[in-house]
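A quick write-up on the structure given underneath.
Nothing in this text is a laboratory measurement; each read-out follows from the coordinates by a stated rule. Nothing here was measured: the structure is a model prediction, and the numbers come from that model. Reconstructed Cβ throughout: ideal geometry from the backbone, glycine too, with neighbour counts over all protein chains shown.
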Amino acid sequence: MTVVSASLPDDLVRSIDKTAHAMNRTRDEVIRKAVELYLSRAEELWSTLDRISASETLEFDWGDVEGSLLEKD
């Protein structure tokens, strides 16, 4: 396992320690899980942004769109 060093604000470290104590986990376990969850969510968000960006290149026939919207059931 690789060791990574990071500087964190004191209040964040206190929050991590409080959470670790409440969950009966170590500081390392809490930080590791937080990073895993963050990266998982970040990947989902970037994937969504990629799909949105890709849709910007789509071309629509606005006459067809308008016709579809105005059609009665």
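Take the residues of the stretch 20-59 that are more than 21 Å from the chain's Cα centre (by Cα) and assigned to a helix (DSSP H, G or I): which is surrounded by the fewest Cβ atoms within 10 Å (Cβ to Cβ)? Only one residue tops the list, namely Ala22. Scanning the stretch 1-12 for residues that are surrounded by 10 or more Cβ atoms within 10 Å (Cβ to Cβ) and more than 22 Å from the chain's Cα centre (by Cα) returns no hits.
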